[in-house]
Amino acid sequence: MASMVFTDCSSTTTPRLLPFRRNPLFHRNHGAVFLRPLVNPSSPRRLSLHSSSASSSPSPSPTVSLATEASAKVIDGKAIAKQIRDEINAEVSKMKDAIGIVPGLAVILVGDRKDSATYVRNKKKACESVGINSFEVRLPEDSPEQEVLNSIAGFNDDPSVHGILVQLPLPSHMNEQNILNAVSIEKDVDGFHPLNIGRLAMRGRDPLFVPCTPKGCIELLHRYGIPIKGKRAVVIGRSNIVGMPAALLLQREDATISIVHSRTKNPEEITRQADIIISAVGQPNMVRGSWIKPGAVIIDVGINPVEDDKNPRGYRLVGDVCYEEASQIASAITPVPGGVGPMTIAMLLSNTLVSAKRIHNFQ
């Protein structure tokens, strides 16, 4: 992937990639899944992974063909995330009324990075919107590592806190692994504790939490009724944050998995075999129409700013997948923004609720 050259696929402008600090949202992602069927956030119907040649006439069933001459169905992550937040709000109220317990999420922020502060503020607002208590510790950039560990220990022992999140990146003088491993596995709503990842990888084992972005990807497929079992899936990217757990989740769903990464030979050829593509490499418009099999489903995790003089902000956000080309070939696709992104905080809230229910044995 590193050798790929960015070429814009928009017919309206010729932007170039902006220098952009790595998004802390993708250092730490959070997740839990609701597997109930979708209830009309734009009435997505069940999608099948068959070509348009299978049937050219309208079907009386809710199943629609993925490959058509029209543009791909848009997988609306923003609408799904709102539905999930509404479900969480109802469950939080039910738990409070039944046993007097309100789920609590603690966030530890070290330093004064504006982007990190923005994400923490958004998480706090999201907690308030669904009735989850939020706790926050802000420490100076030059704080000793032990001070962060002390904050984690305090939240580990606090019965009103059910989830702990350390906002990344941390200052360079801190040992990230030591700090993240200090979070109690029972409150590791990020899902990155080695035991959680190990359980995710093993058949017959269930992690307490699963990283949010990959689990949010699977949730979008479920909510839109897109079948996974028996399908060929390609995950582009192999990070511990998204690519690796996404591949593990797809495998749990009985898909046949290939992982494409920076050392893969013929990535286009491999990707073109996929019924389902999940791309998470942070390379704008890397996946072109020629990479995509007609009728494939695309989940685009990438969020990349590119220069755009016509935009008031001077830039716009694009995914790893060239949307203009892919939307004419795929059957369903997530937009950027508004696809996978909104699922992240929704899944964090979900994991916090799941943790509170587990700790207090509330069904």
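Within the stretch 104-113, how many residues turn out to be surrounded by fewer than 18 Cβ atoms within 10 Å (Cβ to Cβ) and closer than 23 Å to E186 by Cβ?
Selection size over the stretch 104-113: 0.
Has the stretch 266-275 got any residue that is more than 30 Å from A90 (Cβ to Cβ), touching a residue at least 40 places away in the same chain (Cβ under 8 Å) and open to solvent by less than 10 Å² (accessible area, probe 1.4 Å)? Steps first, please.
Going through the stretch 266-275, the residues more than 30 Å from A90 (Cβ to Cβ) turn out to be 266-275.
Keeping just the survivors that are touching a residue at least 40 places away in the same chain (Cβ under 8 Å) gives 267, 273-275.
In the following step, the residues that additionally are open to solvent by less than 10 Å² (accessible area, probe 1.4 Å) were identified as 274.
Yes, the stretch 266-275 contains at least one residue that is more than 30 Å from A90 (Cβ to Cβ), touching a residue at least 40 places away in the same chain (Cβ under 8 Å) and open to solvent by less than 10 Å² (accessible area, probe 1.4 Å).
Name the residues in the stretch 92-129 that are outside any helix (DSSP H, G or I) and either of a type outside the set (D, E, K, R) or modelled with pLDDT of 95 or more (or both), would you? If you could, list the steps in order and put the result at the bottom.
Pass one, the stretch 92-129, residues outside any helix (DSSP H, G or I): 100-113.
Result: G100, I101, V102, P103, G104, L105, A106, V107, I108, L109, V110, G111.
Considering only the stretch 143-192, how many residues are polar (S, T, N, Q), assigned to a loop (DSSP other than H, G, I, E, B) and open to solvent by less than 40 Å² (accessible area, probe 1.4 Å)?
Initially, the stretch 143-192 is screened for residues polar (S, T, N, Q), giving 143, 146, 150-151, 156, 160, 167, 172, 175, 177-178, 181, 184.
With the extra rule that they be assigned to a loop (DSSP other than H, G, I, E, B), the set shrinks to 143, 160, 167, 172, 175, 184.
Still in the list and also open to solvent by less than 40 Å² (accessible area, probe 1.4 Å): 143, 167, 184.
Qualifying residue count, the stretch 143-192: 3.
Residue-by-condition table, conditions (1) closer than 20 Å to G338 by Cα; (2) among the aliphatic types (A, V, I, L, M); (3) touching a His at 6+ places or on another chain (Cβ under 9 Å):
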{"site": "L208", "(1), (2), (3)": "no, yes, yes"}
{"site": "C217", "(1), (2), (3)": "yes, no, no"}
{"site": "R238", "(1), (2), (3)": "no, no, yes"}
{"site": "L248", "(1), (2), (3)": "no, yes, no"}
{"site": "Q273", "(1), (2), (3)": "no, no, no"}
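Which of the residues belonging to the stretch 322-338 are of a type in the set (V, I, T) and within 16 Å of the chain's Cα centre (by Cα)? Lay out the reasoning, then the answer.
The initial filter retains those residues of the stretch 322-338 that are of a type in the set (V, I, T), namely 329, 333-334, 336.
Matches in the stretch 322-338: I333, T334, V336.
Could you pull out the residue among I298, I303 that is among the aliphatic types (A, V, I, L, M), assigned by the TED database to the domain that holds I241, over 13 Å from V74 (Cα atoms) and in contact with a strand residue (DSSP E or B) (Cβ under 6 Å, 6 or more places away or on another chain)?
Numbers: I298 fails: over 13 Å from V74 (Cα atoms).
Just one listed residue meets the conditions, I303.
So, of the residues in the stretch 114-142 that are buried (at least 17 other Cβ atoms within 10 Å of the Cβ) and touching a residue at least 60 places away in the same chain (Cβ under 8 Å), which turns out to be farthest from L349 (Cα to Cα)?
Result: S116.
Got at least one residue in the stretch 201-221 being over 22 Å from G77 (Cβ atoms), part of a helix (DSSP H, G or I), open to solvent by less than 60 Å² (accessible area, probe 1.4 Å) and touching a helix residue (DSSP H, G or I) at 6+ places or on another chain (Cβ under 8 Å)?
Checked against the condition, which is being over 22 Å from G77 (Cβ atoms), part of a helix (DSSP H, G or I), open to solvent by less than 60 Å² (accessible area, probe 1.4 Å) and touching a helix residue (DSSP H, G or I) at 6+ places or on another chain (Cβ under 8 Å), the stretch 201-221 yields at least one hit.
Just for the stretch 88-103: of the residues that are out of contact with any Phe, Trp or Tyr (no Cβ under 9 Å at 6 or more places or on another chain) and buried (at least 16 other Cβ atoms within 10 Å of the Cβ), which one is farthest from A356 (Cα to Cα)?
The qualifying residue farthest from A356 (Cα to Cα) is N89.
Out of the residues in the stretch 319-363 that are β-branched (V, I, T) and touching a Ser or Thr at 6+ places or on another chain (Cβ under 8 Å), state the one that is farthest from K293 (Cα to Cα).
Of the stretch 319-363, the ones β-branched (V, I, T) are 321, 329, 333-334, 336, 340, 344-345, 352, 354, 359.
Narrowing further to those that are touching a Ser or Thr at 6+ places or on another chain (Cβ under 8 Å): 321, 333, 340, 344.
Values: V321: 13, I333: 13, V340: 21, T344: 28 Å.
Here the answer is T344.
Within the stretch 328-350, track down each residue that is open to solvent by less than 10 Å² (accessible area, probe 1.4 Å) and touching a helix residue (DSSP H, G or I) at 6+ places or on another chain (Cβ under 7 Å).
Narrowing the stretch 328-350 to residues open to solvent by less than 10 Å² (accessible area, probe 1.4 Å): 330-334, 339-340, 343-344, 346-350.
The answer is I333, T334, G339, V340, M343, T344, A346, M347, L348, L349, S350.
The values are calculated or read from the model by the stated rules, or taken from the named source; none is laboratory data. Because the structure is a prediction, the values reported are computed rather than measured. All Cβ positions, even for glycine, are placed from backbone atoms using ideal geometry, and neighbour counts span all protein chains on display. What goes into the accessible areas is simple: the full protein's heavy atoms, side chains included, and nothing from ligands, DNA or RNA. Shrake-Rupley method; radii C 1.70, N 1.55, O 1.52, S 1.80 Å.
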